Amino acid sequence: MTFSQVPKKWDGEADVIVVGGGNAGIPAAITAHDKGAEVIVLETSTGMASSLAMIAGGTPFAGTDIQKEQGVEDSADELCEEAVKISGGSPELWRAIADRQLEVYYWLKSIGAKPEILQLAPGHKVRRSIRFEGHGNGLCQVLRKAAEKEKIDIRHKHHAQKLIVDSETGRVIGITAKHDNKALNFRARKAVVLTTGGFCQNYELVKEYGPAYADLVPTAPPTHQGDGLKMALAIGAATEGIGLAVCPSLPVCAETGHPLSSTGFGGIAVNRHGQRWANEATADMNAYTMRYKEIIMQDPTGLHFSIYDEGGKQADPYKTKPREKIYSADTVEGLEKILGITAGGLKKTIDEYNSDIDKYGYDRKFGRKLWGMAHPGEPPHKLDTPPYYGVRCKVCLTSMKGGLKINPKNQVINQFGDVIPGLYAAGEVAGGLMGIPSHYYTGTMTVQCFTQGRIAGDIAADEVSS
Ligand SMILES: Cc1cc2nc3c(=O)[nH]c(=O)nc-3n(C[C@H](O)[C@H](O)[C@H](O)COP(=O)(O)OP(=O)(O)OC[C@H]3O[C@@H](n4cnc5c(N)ncnc54)[C@H](O)[C@@H]3O)c2cc1C
């Protein structure tokens, strides 16, 4: 374990230094600022390189006004109970999130986030997943504008590298960041809050902690290098669930790497032989994650094809403009040829699928009874309106789940089980919310980040100045 030397001269100082200005960092900074703390945010990018901009699903909140308006009964207790059961994560950490999330929802609304659609996310018993106006990008803009309005001091192009620890007390008292090729030392009078995101863009770290995911396409921002994790490990921090990932995870376009945005078109997924291998619209969490696991077992990159028809595209309530590379043909056989799917395989699959829906109203092969998230509760849709569309997909690695061990106050814990004074972690850099491989309680990373950011900002601001 290496302790940075306390510098003779500081290049900047604040009560709270937040490292990373994203999904967890901006809420942490604003919250600490609102409590009267002087805050500096160190951000390595020129803007906001947050995974939040890329999210596919909504953000779950329990007990919201939009649920009440739509007659959905829900509570923090139900969210907590379900989360612990499905994820196998720490009951104390989930409790802390459950207790604060509703306040976070109304806080987001107060700074301009506009809830748009209430969805049922896989694994959740009730509709609580909220898609906000502008989706992930919209939420990033809301956070950015709120930070601007509150005049939060965000130092862009400041790449944090090393925590500074008082070797006598063991307290984190600052951080070194590189800016314009110079190493600058920032003193944190109260605390440093790490919110640097995950490490799925760091091949070496993924290989070390989650070797099964090493061949998947990483889709997080390039700055998800595990810097916060590495800095805290260097001063003796412990980890929790470090090899776990939100994976097998979303499909991305094999050619462009864009997350699939056409998943709401009611299509099916097939392997290179044109065969389906699972229920594409399952609400069962195990089945949902197993689906991607199975395709990775057929091909380490998870190569498969997403297939839909013009009818499904036209029925999309969001009028999504897909960014993936899409192939199309007037016949299913034509599409097979273009995509390189075994001749006749896709035709047979679609004929069987359509015939089941005609006769029984659902697909008997894998028990698919639902269209999918875009049309909650509706039966599956027949693929019979040309043109037919196909996207070559791979399975991606969106985010790592395990990370630094924290307590419910978001304080980082060391390898002896003690709090590292002056150090907090929030968001993807922190672990503990997932305890069983592949058992991700879907869509909960964003609520984790917003909420833990607010908790950490709150408590860090209350620390006594060192
Ligand atoms: C394609 C995709 C789809 C997803 N879909 C969903 C979804 O549907 N639902 C869901 O809940 N979650 C989803 N996630 C995960 C979720 O978006 C992230 O886990 C979450 O946004 C991470 O927030 P964060 O605050 O931890 O990190 P971020 O918001 O990414 O912020 C980290 C910040 O730290 C900065 N940083 C990094 N290193 C340094 C350094 N050394 N010095 C200074 N700054 C640094 C980065 O530049 C960045 O701005 C998805 C992720 C991806 C990639």
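Coordinate-derived values only; no laboratory data. Owing to the predicted nature of the structure, the values given are computational and were not obtained by experimental measurement. Heads up, the Cβs are rebuilt from the backbone with ideal geometry, glycines too, and the neighbour counts pull from every protein chain shown.
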### Task
Grab the eigenvalues of the alpha-carbon gyration tensor for the range 177-221, scale each by 5, take roots, and send me the semi-axes largest first in whole angstrom.
30, 14, 9
### Summary
Magnitude of the Cβ-charge dipole (Lys and Arg +1, Asp and Glu -1) of the range 239-302 about the Cα centre, nearest 20 debye, reported as 140 debye
### Query
For the chain, what is the calculated [θ] at 222 nm in deg cm²/dmol (nearest 500), taking -39500 (n - 2.57) for each run of four or more DSSP H residues and dividing by its residue count?
-9000 deg cm²/dmol
### Task
Classify the range 308-381 as rounded, prolate or oblate, taking a ≥ b ≥ c as the square roots of the eigenvalues of its Cα gyration tensor: rounded when a/c is under 1.5, otherwise prolate if a/b is larger than b/c and oblate if not.
oblate
### Task
Could you list, in their original order, any pairs among LYS35/LYS157; LYS114/LYS145; LYS109/LYS190; LYS157/LYS178; LYS125/LYS369 whose Cα atoms are separated by more than 20 Å?
LYS35/LYS157; LYS109/LYS190
### Query
Amide H to amide H, which residues 5 or more places from GLU116 or on other chains are under 5 Å from it, using H placed in the peptide plane?
ARG131, PHE132, GLU133
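For the chain, what does the relative contact order come out to in percent, with C-alpha contacts under 8 Å and a separation of six or more? Please report the intermediate quantities before stating the final value.
Working: 1141 pairs, mean separation 114.8, N = 466.
Answer for the chain is 25 percent.
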### Message
Given the C-alpha atoms of the range 184-312, compute the convex hull and give its volume per residue in Å³.
### Response
166 Å³
### Summary
Measuring from its Cα centre, the range 251-397 shows a charge dipole (+1 at each Lys and Arg Cβ, -1 at each Asp and Glu Cβ) which, in debye to the nearest 20, is 300 debye
### Message
Straight-line reach from LYS207: which aspartates and glutamates fall under 13 Å, measuring Cα to Cα and dropping same-chain residues less than 8 apart?
### Response
ASP215
## Note on the structure
Note, PRO379: beta-carbon cut-off 12 Å, +1 each Lys/Arg, -1 each Asp/Glu, net -1
### Task
Please work out, to two decimal places, the log10 of the ratio I(q)/I(0) at q = 0.08, 0.10, 0.11 Å⁻¹ from a Debye calculation in which every Cα of the chain carries one identical scatterer.
-0.47, -0.72, -0.85
### Query
For the range 251-397, how big is the tail of P(r) above 19 Å, as a whole percent of Cα pairs?
48 percent
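Quickly rank 356-367, 387-398, 454-465 as a protection proxy: mean count of other C-beta atoms within 10 Å, highest first.
Averaged packing, sorted descending, gives the order 387-398, 454-465, 356-367.
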### Query
Where a Cα-Cα gap under 17 Å defines reach, which aspartates and glutamates qualify for LYS348, not counting those fewer than 8 residues away within the same chain?
ASP309, ASP330, GLU333, GLU336, ASP356, ASP358, ASP363, ASP384
